[in-house]
Amino acid sequence: MSIQYPVAQARAGKGGRVDVLVLLDSNGSVTKCMVPNAIGHSAFGETTCAAIMKVPFAPALDKNGTPVPSFYGISVLFLIG
């Protein structure tokens, strides 16, 4: 997965951290991306969710091996230099 650094934040020399919570359907497709915690500009959360929405995930499986909807947490750190 490639997450593009927000241009305005890069030019301003600003960094940040984003924690996102991703809702996956039983096929592993992202149905929702939420940002419960972000340090820095909101553009970091928007950029992260935009990239994650394009990523195919393997679905979670229940104890019988049947694909089920699930949540997945991801933290992304944006640093310059």
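Does segment 32-46 contain at least one residue that is under 13 Å from PHE71 (Cβ atoms), polar (S, T, N, Q) and surrounded by fewer than 18 Cβ atoms within 10 Å (Cβ to Cβ)? Among the residues of segment 32-46, not one is under 13 Å from PHE71 (Cβ atoms), polar (S, T, N, Q) and surrounded by fewer than 18 Cβ atoms within 10 Å (Cβ to Cβ), which makes the answer no.
Of all residues in segment 50-65, exactly one satisfies the criterion of being touching a residue at least 12 places away in the same chain (Cβ under 8 Å) and over 20 Å from MET34 (Cβ atoms), namely ALA58.
Could you tell me whether segment 24-36 includes any residue that is touching a residue at least 40 places away in the same chain (Cβ under 8 Å), in contact with a Ser or Thr (Cβ under 9 Å, 6 or more places away or on another chain), outside any strand (DSSP E or B) and farther than 13 Å from VAL76 by Cα? Checking segment 24-36: at least one residue is touching a residue at least 40 places away in the same chain (Cβ under 8 Å), in contact with a Ser or Thr (Cβ under 9 Å, 6 or more places away or on another chain), outside any strand (DSSP E or B) and farther than 13 Å from VAL76 by Cα.
Give segment 68-81 a look and list any residue that's in contact with a Ser or Thr (Cβ under 7 Å, 6 or more places away or on another chain) and either assigned to a loop (DSSP other than H, G, I, E, B) or crowded, with 16+ Cβ neighbours inside 10 Å (or both), or say none. Give the steps one after another, and end with the answer.
Let us first name the residues in segment 68-81 that are in contact with a Ser or Thr (Cβ under 7 Å, 6 or more places away or on another chain), namely 68-69, 76.
If the condition is that a residue be in contact with a Ser or Thr (Cβ under 7 Å, 6 or more places away or on another chain) and either assigned to a loop (DSSP other than H, G, I, E, B) or crowded, with 16+ Cβ neighbours inside 10 Å (or both), then PRO69, VAL76 are the ones that fit.
Filter segment 33-81 for residues that are under 12 Å from LEU23 (Cβ atoms) and at pLDDT below 90 and give the result. Residues satisfying the conditions do not exist here. The residues of segment 1-23 that are more than 12 Å from LEU77 (Cα to Cα), open to solvent by 50 Å² or more (accessible area, probe 1.4 Å) and either in a helix (DSSP H, G or I) or charged (D, E, K, R) (or both), listed by number, are VAL7, ALA8, ARG11. Of the residues in segment 53-67, at least one is assigned to a loop (DSSP other than H, G, I, E, B), surrounded by 15 or more Cβ atoms within 10 Å (Cβ to Cβ), more than 11 Å from the chain's Cα centre (by Cα) and of a type in the set (A, V, I, L, M, F, W, C).
The values are calculated or read from the model by the stated rules, or taken from the named source; none is laboratory data. Predicted model, so just to flag it, every value in this text is computed and none were measured. Methodologically, a virtual Cβ is constructed for each residue, glycine included, from the backbone with ideal geometry; neighbour enumeration extends over all protein chains shown. Accessible surface is based on the protein model in full, side chains and every heavy atom, while ligands, DNA and RNA are left aside. Shrake-Rupley method; radii C 1.70, N 1.55, O 1.52, S 1.80 Å.
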